[in-house]
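Quick note: the coordinates plus some simple rules give every number you see, no bench work behind them. Predicted model only: the values in this text are computed from it and were never measured. So basically every Cβ, Gly included, is an ideal-geometry build from the backbone, and we count neighbours across all protein chains shown.
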Amino acid sequence: MSFYVTTPIYYVNAQPHLGHAYTTIAADVLARHQRQRGEDVFFLTGTDEHGEPVADAARAQGLEPKELADRNAEKFKALTPQLGASNDFFIRTSDKQHMAKVQEVLQRVHDNGYTYKGLYEGWYCPRCADFKVENEILEGDRCPIHLIELTREQEENWFFRLSSFQEALEKLYADRLDFVMPQHHYNEAHSFIRSGLQDVSLTRAHLTWGITVPWDPSQVFYVWFDALLNYYTALSYARDGDDLTDEFWPATYHIIGKDILKFHTVFWPAMLMAAGIAVPRHVFVHGFLLGADGRKMSKSLGNVLDPFEVMNQYGTDALRFYLMRDVAFGGDGAVGMDAVRTRYEAELANEYGNLASRAIAMITRYRDGAVPQVETDGELARDFDGFPSRVAALLDRAEPTQALELIWQRVRRLNRYVEERAPWQLAKDPADAGRLDRTLASLAEGVRAVSVLLHPYMPATTARLLEALGVRNTGFDGAAYAARVGVASVSAIEPLFPKRS
Ligand code: ME8
């Protein structure tokens, strides 16, 4: 089976921030998990470089758009490995191959009769690079997202006959109840469609920073259509000399924030249908990260959580864990440094880190580092029974927070097990040697199994721990808690989550 997951491609008019990191990390967890299961995975992220927001930002800094794009694309590109993201390709919409493919696909939309020339007049937000419909506009003709004043724009454009897809989109939504997830965002998109679709502008006349319209070179494509097509074009040139489209299209999951729902759940499937291309399987829409005060993060409010600061202080894996754990994926959630510290100390250091170091220390102290090769405890086996497949089912539905909660319940179960069995008591009486053997074996096996499941969330830390347990197999088949211990011996390890000042 193939699994293709994407993040939005990020605008290069600004610096990477926590919101970008969030989506990339979530997509990475899904990609890593599917790889563990032996699926053929392709994970795509990248940058959105054309259009008004970038041209305007470049002008404000006295730069050419391409200069600003090159400069900021590098920062986004550098961020992915820093986040531990395992993307297979990084697309830039200024790539020549992307541009050529966009022209090819949209020419087909034109040839299929889904475009016409018309006069567009409407309220336009230059920051969204989007015309707003009347019922979205705030008082004072302001953008509902950026709160800035909209401008009244009029120009001759090529239009996309979105209205021709009214029935086809309604059918798509009726046939595929999981096309948009979670449910409340499906409902939102569905009701937008049912309220009646209007044709949309496909090109812009007064902009040069974009992809030229092949049948009318005086215009460039509206940046959103250029950008959306990245998901499709990337597959055709990501691997030198190899076209991956047949293998990975349609995409399994587009992971996006709720700010760009309309483009992905309405325009995008219609555009694909117009070009005769299959629509993606799922669009998963996550919520907004908010400042610790519950308000939208913004520099002027001073409530921004800086991903680089979190990584410097606590490490990449702690940032990944925190974001997947503290904000239920799919909803909004407040984030802040205090909450990071609490999760780090209470859960990573005191629960998982402590469990790992205690297990290794006791096996070292009582059995010279050799894990007793005896049957594991049936009681613990019962608590672990069937749970990897429940984790997998949740991750198949793009629910990393709930899956992590299930895994964490097992981390806690293992800590309780240590307390209940009190190996330090058993070690005092040679008559308890058999029980001590069984306890240590069960513990080693439990720590191994949960670490395999935590691997997609915290790849570096779990790899270090599994190495100390002498375990090479991080595949999903190793996620089951087995009666036969999967760990032969342990070696000493530095604390996984050291104390931070
Ligand atoms: O919209 N909370 O790019 P963009 C959670 N180029 N996620 C957030 C967030 C927040 N506060 N802020 C940003 C664009 N994000 C277009 C996309 S796709 C074909 C083109 C994340 O740089 C979230 O994924 O504004 C959101 O959808 C995306 O960044 C917007 O990034």
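General observations
- For the range 293-421: relative contact order, % (alpha-carbon pairs under 8 angstrom, 6 or more apart): 25 percent
- Reduced Cα scattering model of the range 275-336, Debye log10 I(q)/I(0), q = 0.14, 0.20, 0.29, 0.30 Å⁻¹: -0.51, -0.81, -1.23, -1.24
- Anisotropy class of the range 76-205 from Cα gyration tensor, a/c 1.5 cut: rounded
- At 1.002 mPa s and 20 °C, Stokes D of the range 38-117 from Kirkwood alpha-carbon radius, µm² per second: 143 µm²/s
- Summarising the overall dimensions of the range 303-417 from its C-alpha atoms, the Rg and Dmax are 16.9, 53 angstrom.
- At q = 0.14, 0.15, 0.17 Å⁻¹, base-10 log of I(q)/I(0) for the range 384-439 (Debye sum, equal scatterers on each alpha carbon): -0.53, -0.57, -0.63
- Taking 0.36 nm per residue of sequence separation and removing the Cα-Cα distance, the ASP396/ARG176 pair yields an extension gain of 77.6 nm.
- According to the calculation over all Cα-Cα pairs in the range 201-285, the P(r) per 5 Å bin from zero is 3, 13, 21, 21, 19, 15, 7, 1 %.
- Take every Cα pair under 8 Å whose residues are at least 6 apart in sequence, average their separation, divide by the length of the chain, and the relative contact order is 15 percent.
- Rg and Dmax of the chain, both derived from C-alpha coordinates alone, stand at 25.7, 90 Å.
- Working from the Cα coordinates of the range 224-370, the gyration tensor eigenvalues give, after taking √(5λ), semi-axes of 40, 25, 13 Å in decreasing order.
- Centre-to-centre, using Cα atoms only, the range 442-478 and the range 72-136 are separated by 40 Å.
- Between ALA78 and ASP111, the FRET efficiency from the beta-carbon distance, with R0 = 51 Å, is close to 0.80.
- Annotation note: GluC sites (Glu not before Pro) in the range 78-163 located in DSSP loop regions with a Cβ neighbour count of at most 14 within 10 Å are GLU139.
- Rounded to the nearest 10 degrees, the angle from helix 18-36 to the longest Cα principal axis of the chain is 60 degrees.
- Descending semi-axes in whole angstrom, ellipsoid equivalent of the range 1-88, from the Cα gyration tensor: 30, 11, 9
- Phi-based couplings in Hz for the range 43-57 (Karplus 6.51, -1.76, 1.60; Gly and Pro marked x): 10, 10, 9, x, 10, 9, 10, 8, x, 4, x, 6, 4, 5, 5
- Alpha-carbon Debye profile of the range 135-291, log10 I(q)/I(0) at 0.14 Å⁻¹: -0.85
- What the Cα atoms of the range 12-171 give is an Rg and a Dmax of 19.1, 54 Å.
- Near-label residues of the range 253-278 by backbone N, under 12 Å of a point 7 Å along Cα→Cβ of PHE192: 257-270
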